[in-house]
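In what follows, a single structure is set out as structure tokens and then discussed.
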Amino acid sequence: MADPIVLCLSRSGEATAHRVASALGASVHGRTGRVGKADAFFANALDHTRNLFAAGVPVVGVCAAGILIRAVAPLLNDKRTEPPVVAVADDGSSVVPLLGGHRGANRLAREIAVVLGGSAAVTTAGDVALGLSLDEPPAGWRLTNPDDAKPAMAALLSGASATVVYDRAEWLAPLAERENTRIVQGGLDALRRIDAGGLERETEITGQGWHAMVEIEGGPRLLYRAQQCTLGVGCARGCPPEELIALASKAMDRAMISPADVAAVVSLDLKADEVAMNALAAHLDVPFRVFDATTLEREAYRLANPSEVVFAEVGCHGVAEGAALAAAGSKAELVVEKQKTANATVAIARAAEPIINLPGRKRGRVSLVGIGPGQAAWRTPEASRMIADAEELIGYGLYIDLLGPLAAGKPRHDYPLGGEEARCRFALEQAGKGRDVALICSGDAGIYAMGALVFELLDKGGLSDAASRVEVVSAPGVSALQAAAARAGAPLGHDFCAISLSDLLTPRDDILRRIGAAAEGDFVIAFYNPVSKTRRTLLAEAREILLGHRPADTPVLLASSLGRPEEKLVYRDLSALQVDEVDMLTVVLIGSSQSRLVGDRMYTPRGYAKKMASGE
């Protein structure tokens with residue numbers, strides 16, 4: 001989850017906002033004209049809160065709770081995925097978790113209340129009556145049957161008796177203060193004595209490690225397991241994911257290790273992009289971490305099956321065993337020695353305590369983010385979420401500026417126009433260090449933007465090994481041709497195409513040939529990069545080619561600075577199109593021979609009238 005943002009709406013709450021931000025290590029966003037000092041400013045509190053919430057950013061508002069409620073109400077959908085929202089009084093006297101109590105809001109509220117000396121008004125029934133939330137165990141623990149948490153808490157709140165068994169799970173101790181609750185401290189033997197056999201059948205309490213159980217009389221049984229195990233893996237390039245998953249499952253079953261015991265899947269950094277390993281981590285819903293060969297070789301003295309063959313190939317005497325031990329720590333034990341199939345190996349280590357801070361490096365990710373024409377309303381929630389999750393922002397400076405407060409507080413690397421390859425290469429190399437970076441593009445990142453160049457660099461090579469193995473994901477954006485079409489009406493109602501008139505990357509003859517083909521095919525055409533200071537003739541040539549195939553009064557839309565305050569829309573007949581009316585911020589949308597202008601709206605019929613007339 002992204003770091004929280006502290007919102008401040010007035011000077012009366014400014015000191016409180018900065019105290020909260022300092023305690024949380026968060027940024028302060030302030031209302032323009034009403035707050036003197038902030039890391040970023042916004043003009044409209046409702047819009048800004050809504051944008052942050054849609055991006056998955058936890059919001060701490062130093063303001064009236066009603067403002068936050070009105071802002072996020074239209075977006076409420078799934079409490080399991082929505083970020084926390086907390087309201088703080090201007091004077092810090094009260095802190096109210098409004099949304100996401102069990103996703104961090106209650107914890108945030110309590111932390112803030114301690115700092116401010118105020119009161120955390122936690123209203124979640126389980127937290128108030130039981131002193132803890134049974135569906136939100138602390139870091140390093142996992143509830144194996146989360147769907148049973150809600151009925152279990154409801155039964156406890158209704159007065160049902162319960163038995164709590166735990167070994168070193170002191171976070172369950174508050175339940176001891178509840179009537180009708182029996183506390184039994186002990187490990188597996190205590191669990192089995194309580195259940196007399198049925199427990200193993202239903203919830204598979206097996207193996208070693210730390211366990212805890214809350215059993216409701218006549219109701220569900222909640223089982224918690226400490227994440228103390230690391231699953232070290234190795235495999236041949238292109239190993240089928242199902243082969244590695246089956247081998248890991250078999251190894252865990254033999255050692256009586258539950259998937260809930262596993263804290264991470266780990267391997268050698270040369271395998272960071274291995275599909276099977278990433279699929280195994282996703283299957284277990286745990287992180288994937290990698291180590292370099294030097295780090296794994298430090299574990300050679302602890303390996304059960306050191307291999308000179310492996311050392312000669314990758315520089316360490318064991319991948320699966322070495323990675324499992326490196327991730328589990330110096331006090332770990334190897335509980336499953338290397339197991340193998342034709343293409344894969346696995347080994348399992350158990351740490352002395354639950355694993356909270358994982359060592360190793362993430363794979364790293366480049367998010368190709370298309371922010372649309374620029375205004376926040378035209379930026380998709382997925383794009384906003386990728387920006388919020390990113391640790392660094394990379395791109396043309398103007399595009400990052402258009403993100404406004406969403407970019408505040410994040411390291412940013414601005415590149416000029418013309419620095420496209422440099423910024424893409426830098427993004428990949430930063431991701432190769434295990435960072436999650438967002439490469440910011442206007443429109444859609446895959447349409448005349450950086451998406452294709454990123455994949456071209458990966459295809460050509462010349463990157464560091466780590467950079468060549470990063471994950472690349474893309475969020476679709478609203479392209480300029482879509483924005484122009486929406487402003488016009490429905491000019492893309494039938495077949496259309498897009499052509500860039502820049503001859504910096506495409507030979508001039510190829511551009512003219514494509515214009516001719518589109519003209520002959522009677523496509524609606526969106527011209528990107530229509531002119532520049534030095535390139536003034538191609539648009540005029542395109543007009544003449546098109547006039548040879550469609551009427552002189554074919555409607556043309558000149559759409560400039562779409563979605564921004566300086567937006568400008570101008571209609572012209574094709575014969576009247578003048579180059580001097582167009583600049584690099586203009587999309588030129590030229591209708592087909594069937595396109596029509598009705599008042600100030602442009603559309604291209606699809607042919608539905610003909611279809612209906614034929615009786616289809």
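Can you pull out every residue in region 268-300 that is within 17 Å of M252 (Cα to Cα) and touching a Ser or Thr at 6+ places or on another chain (Cβ under 6 Å)?
M277
Please note which helices (runs of 4 or more DSSP H) are completely contained in region 278-348 and include at least 3 residues that are over 19 Å from L358 (Cα atoms). Give the derivation first.
Numbers: elements: 293-297, 308-314, 320-328.
Here the list reads 308-314.
Does P354 satisfy the condition of being touching a Phe, Trp or Tyr at 6+ places or on another chain (Cβ under 7 Å) and either in the same structural domain as L76 (by TED's automatic domain parsing) or in a loop (DSSP other than H, G, I, E, B) (or both)? Break it down into steps so the answer makes sense when it comes.
Numbers: touching a Phe, Trp or Tyr at 6+ places or on another chain (Cβ under 7 Å): yes; either in the same structural domain as L76 (by TED's automatic domain parsing) or in a loop (DSSP other than H, G, I, E, B) (or both): yes.
So P354 passes the test.
Within region 42-156, considering only helices (runs of 4 or more DSSP H) that don't extend past its boundaries, which have at least 3 residues that are closer than 30 Å to E217 by Cβ? Write out each step before concluding.
Numbers: elements: 45-54, 65-72, 105-116, 125-130.
Where helices (runs of 4 or more DSSP H) fall fully within region 42-156 and carry at least 3 residues being closer than 30 Å to E217 by Cβ, they are 125-130.
For region 453-473, give me each residue that is touching a residue at least 60 places away in the same chain (Cβ under 8 Å), surrounded by fewer than 22 Cβ atoms within 10 Å (Cβ to Cβ) and closer than 30 Å to R564 by Cβ.
Passing the criteria: V472, V473.
Take E471 and decide whether it is of a type in the set (D, E), modelled with pLDDT of 95 or more and under 23 Å from the mean Cα position of the chain (by Cα).
On the way: of a type in the set (D, E): yes; modelled with pLDDT of 95 or more: yes; under 23 Å from the mean Cα position of the chain (by Cα): yes.
Yes; evaluated as a whole, the condition is true for this residue.
Please name all residue pairs, on different chains or six or more residues apart, with Cβ atoms under 9 Å, provided the first residue is in region 73-97 and is closer than 15 Å to N51 by Cα and the second residue is among the acidic types (D, E) and surrounded by 11 or more Cβ atoms within 10 Å (Cβ to Cβ).
Note: pairs meeting the criteria are L75/E82; L76/E82.
Could you count how many residues in region 532-566 are at pLDDT 90 or above and of a type outside the set (G, A, S)?
The first filter runs over region 532-566 and keeps only residues at pLDDT 90 or above, leaving 537-560.
Subset that is of a type outside the set (G, A, S): 537-539, 541, 543-547, 549-551, 553-558.
Residues meeting the conditions: 18.
Being closer than 22 Å to L24 by Cα, at pLDDT 85 or above and either out of contact with any helix residue (DSSP H, G or I) (no Cβ under 6 Å at 6 or more places or on another chain) or not assigned by TED's automatic domain parsing to the domain that holds R221 (or both) narrows it down to one residue among L143, L116; which is it? Steps first, answer last, please.
Values: L143 fails: closer than 22 Å to L24 by Cα.
Unique residue meeting the criteria: L116.
Being under 24 Å from Q375 (Cα atoms) and touching a Leu at 6+ places or on another chain (Cβ under 8 Å) narrows it down to one residue among A542, A486, A498; which is it?
On the way: A542 fails: under 24 Å from Q375 (Cα atoms); A486 fails: touching a Leu at 6+ places or on another chain (Cβ under 8 Å).
A498 is the lone residue from the list that is under 24 Å from Q375 (Cα atoms) and touching a Leu at 6+ places or on another chain (Cβ under 8 Å).
Here is a yes/no grid of residues against (1) closer than 21 Å to H102 by Cβ; (2) at pLDDT 95 or above; (3) in contact with a Lys or Arg (Cβ under 9 Å, 6 or more places away or on another chain); (4) exposed (fewer than 14 other Cβ atoms within 10 Å of the Cβ):
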| residue | (1), (2), (3), (4) |
| --- | --- |
| V6 | no, yes, no, no |
| G25 | no, no, no, yes |
| K37 | no, no, no, yes |
| F42 | no, no, yes, no |
| H48 | no, no, yes, no |
| A55 | yes, no, yes, no |
| L75 | yes, no, yes, yes |
| D78 | yes, no, no, yes |
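Just need a number here: residues in region 380-427 that are part of a loop (DSSP other than H, G, I, E, B) and charged (D, E, K, R). Talk me through it step by step, then tell me what you get.
Initially, region 380-427 is screened for residues part of a loop (DSSP other than H, G, I, E, B), giving 380, 390-391, 402-403, 408-411, 416-419.
Right, trim to charged (D, E, K, R) and you get 391, 410.
Total meeting the criteria: 2.
Could you please find all residues in region 58-73 being of a type in the set (V, I, T) and crowded, with 23+ Cβ neighbours inside 10 Å? If you could, list the steps in order and put the result at the bottom.
Step one: filter region 58-73 for residues of a type in the set (V, I, T), giving 59-60, 62, 67, 69, 72.
If the condition is that a residue be of a type in the set (V, I, T) and crowded, with 23+ Cβ neighbours inside 10 Å, then V59, V60, V62 are the ones that fit.
Would you call V366 assigned to a strand (DSSP E or B), buried (at least 24 other Cβ atoms within 10 Å of the Cβ) and in contact (Cβ under 8 Å) with a residue 60 or more places away in the chain? Full working, then the answer.
Working: assigned to a strand (DSSP E or B): yes; buried (at least 24 other Cβ atoms within 10 Å of the Cβ): yes; in contact (Cβ under 8 Å) with a residue 60 or more places away in the chain: yes.
Answer is yes for this residue.
In region 242-277, what count of residues is obtained for those that are farther than 14 Å from L231 by Cα, assigned to a helix (DSSP H, G or I) and among the acidic types (D, E)?
Going through region 242-277 one residue at a time, the tally reaches 3.
Can you go through E242, E217 and tell me which one is surrounded by fewer than 18 Cβ atoms within 10 Å (Cβ to Cβ), acidic (D, E) and not assigned by TED's automatic domain parsing to the domain that holds T163?
Working: E217 fails: not assigned by TED's automatic domain parsing to the domain that holds T163.
The match here is E242.
The values are calculated or read from the model by the stated rules, or taken from the named source; none is laboratory data. Every value quoted in this text rests on a predicted model; they were computed, and no experiment measured them. As a convention, Cβ positions derive from the backbone with ideal geometry for all residues, glycine included, and neighbour counts pool all protein chains shown.
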